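Q: Input: one structure, supplied below.
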Amino acid sequence: AMKEDGKYPCYSGVGGVMMDFKDCEYTCDMPCFSSKDKIPCKKGRLCTFTSTSWDINVAKRFCGSKGMIVAIGSDKRSWGCDVSWISKFGMSEKEILFRRGANWGYFKLIRQDKDMQYIAYESPGGSEKLF
């Protein structure tokens, strides 16, 4: 089923790499986590066309056992296009494609395990709980 309209988050699985947040020049408040802790952030943009899915489990399959899941908040959903109908993986991929060069603000490290990062890419002040 296509989800051409509506507000919902999208997820991209990137296998085999992790972002380095060790020496971040920014920290961001995340009001949705009801915590006073500062969250490590990096300014950034999407350098290439970015394939995402509105199903986080699809992103996890593309990522594999090591890498990162990048979530794009529902406030940015309208910047993407539902291309499920032409996806080489079929409609089950639930693919939303975002244009290259999208520059919304910050990559925020939400959680990191030994081999996996969960990162939100959103505007400053974004407060949607994505994971």
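Q: Check Ala71, Ala120, Ala102 and return the single one that is open to solvent by less than 10 Å² (accessible area, probe 1.4 Å), in a loop (DSSP other than H, G, I, E, B), closer than 21 Å to Cys47 by Cα and in contact (Cβ under 8 Å) with a residue 40 or more places away in the chain. Before the answer, list the steps.
A: On the way: Ala71 fails: in a loop (DSSP other than H, G, I, E, B); Ala120 fails: in a loop (DSSP other than H, G, I, E, B).
Among Ala71, Ala120, Ala102, only Ala102 is open to solvent by less than 10 Å² (accessible area, probe 1.4 Å), in a loop (DSSP other than H, G, I, E, B), closer than 21 Å to Cys47 by Cα and in contact (Cβ under 8 Å) with a residue 40 or more places away in the chain.
Q: In the range 19-46, which residues are modelled with pLDDT of 85 or more and open to solvent by 70 Å² or more (accessible area, probe 1.4 Å)?
A: Correct list: Asp20 only.
Q: Still on this structure: Consider Ser92 against the criteria (1) of a type outside the set (Asp, Glu); (2) over 14 Å from the mean Cα position of the chain (by Cα); (3) surrounded by 14 or more Cβ atoms within 10 Å (Cβ to Cβ): it satisfies all of them except one. Which criterion is unmet?
A: (3)
Q: Still on this structure: Can you tell me how many residues in the range 74-94 are of a type in the set (A, V, I, L, M) and not in a helix (DSSP H, G or I)? Can you show your working first?
A: Taking the range 74-94 as the starting set, the residues that turn out to be of a type in the set (A, V, I, L, M) are 83, 86, 91.
Okay, now just the ones that are also not in a helix (DSSP H, G or I), so 83.
Total meeting the criteria: 1.
Q: All but one of (1) open to solvent by 80 Å² or more (accessible area, probe 1.4 Å); (2) without any contact (Cβ under 8 Å) to a residue 60 or more places away in the chain; (3) in a loop (DSSP other than H, G, I, E, B) hold for Lys129; which doesn't?
A: For Lys129, the exception is condition (2).
The values are calculated or read from the model by the stated rules, or taken from the named source; none is laboratory data. All values reported here derive from a predicted model rather than from experimental measurement. Every residue, glycine as well, gets a Cβ built from its backbone with ideal geometry; the counts of neighbours run over all protein chains shown. When the accessible area is computed, the model is the full protein with side chains, heavy atoms only, and any ligands, DNA or RNA have been set aside. Shrake-Rupley method; radii C 1.70, N 1.55, O 1.52, S 1.80 Å.
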